[in-house]
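Peer 1: Got a structure for you, written out below as structure tokens; questions coming shortly.
Every read-out reported here was derived from the displayed coordinates using simple, explicitly stated rules and does not represent laboratory data. It should be emphasised that the depicted structure is a prediction, and the values quoted were computed from it without experimental measurement. Cβ atoms come from the backbone with ideal geometry, glycine included; neighbour counts cover every protein chain shown.
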Amino acid sequence: MDFENNEVEGMEEDLDNIIVLNDEDGNEVQFEFLDLIEYENEEYVILLPVEEDQEEGAGEVVILKVEDTDSEDEESYVSVDDEETLNTVFEMFKDKFKDEFNFIDEE
């Protein structure tokens, strides 16, 4: 799933870590930016979908690769197909935030 970053104007100050991306169907989806992880000279964003009906504190993160665009002020986020890379980046994120989040392993 490819997403493009949209600028968000007029958001309240406490929503500074909220970004709006367009999904492959052109729908706007809000995400909370959790972290930026560097792995093998690439950068990956860790995002948490903001859903009104979601149980407080629960959710699955989305990991997207950061790609530069022709514009200096803009970057693009693309899906990662390599399961090994996704797992490694997620493990790095879990290790970094092990004291702040309760991670649930689904087997």
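Peer 1: With r as the distance between the Cβ atoms of ASN102 and GLU43 and R0 = 25 Å, compute the FRET efficiency 1/(1 + (r/R0)^6) and round to 0.05.
Peer 2: 0.45
Peer 1: How long is the gain from PHE90 to GLU74 if the chain were fully straight, where each residue apart is worth 0.36 nm and the alpha carbon distance is subtracted?
Peer 2: Between PHE90 and GLU74, full extension yields 3.3 nm more.
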